[in-house]
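The values are calculated or read from the model by the stated rules, or taken from the named source; none is laboratory data. Remember, predicted model here, so these are calculated numbers, not experimental data. Cβ: placed from backbone, ideal geometry, glycine included. Neighbour counts: every protein chain shown.
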């Protein structure tokens, strides 16, 4: 491994300390589902912010990859390190919080599948997102989880390449695994149409 490669891999896009800080905020929030029927409520917003923070960190990695500042191999290694960190089993906090964290982690699974698919280039840019969503729903109805995550990964890769995941498409998705995984893709989509300052993060300016 070259010196610059090593430097890149140790650039702190997302740290264990950062994740632990979020978990500490959750512990201190005394979150109760009955007090916040929607995750976007005053207390539940913390879970939305946690997910957005992780997605933005990953998009910073993707931005470096798109600029050819880090290789595909290094990009995947960094992303998988973040994935392993935030998807690791959490010690129980409370029934309600544990349920929300489990939902958050499920959502992030869809996001990480998308990042991996995009970096690997294993998707067809001519595919239609609406058709892939229908494919995912049909696969879930057939209990074909592998096909579901494959479709979700392709949808996410298309979003990362510039396509939009519309509200109209999401409205047709029944609650279930597809909906939860698509939530991670929706977070990517929302981040990409929001402030794009993550693209110019210069914390690491070397080239591989």
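Would you call residue 77 surrounded by fewer than 18 Cβ atoms within 10 Å (Cβ to Cβ), touching a residue at least 40 places away in the same chain (Cβ under 8 Å) and part of a loop (DSSP other than H, G, I, E, B)? Judged against the criteria, residue 77 is not a match. Being in contact (Cβ under 8 Å) with a residue 40 or more places away in the chain and part of a helix (DSSP H, G or I) holds for only one residue in 61, 48, and it is 61. Might you check whether a residue that is modelled with pLDDT of 95 or more, under 20 Å from residue 177 (Cα atoms), within 19 Å of the chain's Cα centre (by Cα) and surrounded by 13 or more Cβ atoms within 10 Å (Cβ to Cβ) occurs anywhere in the range 53-62? Checking the range 53-62: at least one residue is modelled with pLDDT of 95 or more, under 20 Å from residue 177 (Cα atoms), within 19 Å of the chain's Cα centre (by Cα) and surrounded by 13 or more Cβ atoms within 10 Å (Cβ to Cβ).
On the given criteria, is residue 104 farther than 16 Å from residue 47 by Cβ and in a helix (DSSP H, G or I)? So residue 104 fails the test. Answer with yes or no whether residue 33 is modelled with pLDDT under 85 and in contact with a helix residue (DSSP H, G or I) (Cβ under 7 Å, 6 or more places away or on another chain). The answer is yes for residue 33. Going by what's in this entry, would residue 82 be described as at negative phi and either surrounded by fewer than 18 Cβ atoms within 10 Å (Cβ to Cβ) or in contact with a strand residue (DSSP E or B) (Cβ under 9 Å, 6 or more places away or on another chain) (or both)? No; evaluated as a whole, the condition is false for this residue. With the structure loaded, tell me whether residue 13 is at pLDDT 85 or above, more than 17 Å from residue 104 (Cβ to Cβ), in contact with a helix residue (DSSP H, G or I) (Cβ under 6 Å, 6 or more places away or on another chain) and part of a loop (DSSP other than H, G, I, E, B) or whether it fails that test. Taking the combined requirement at face value, the residue satisfies it.
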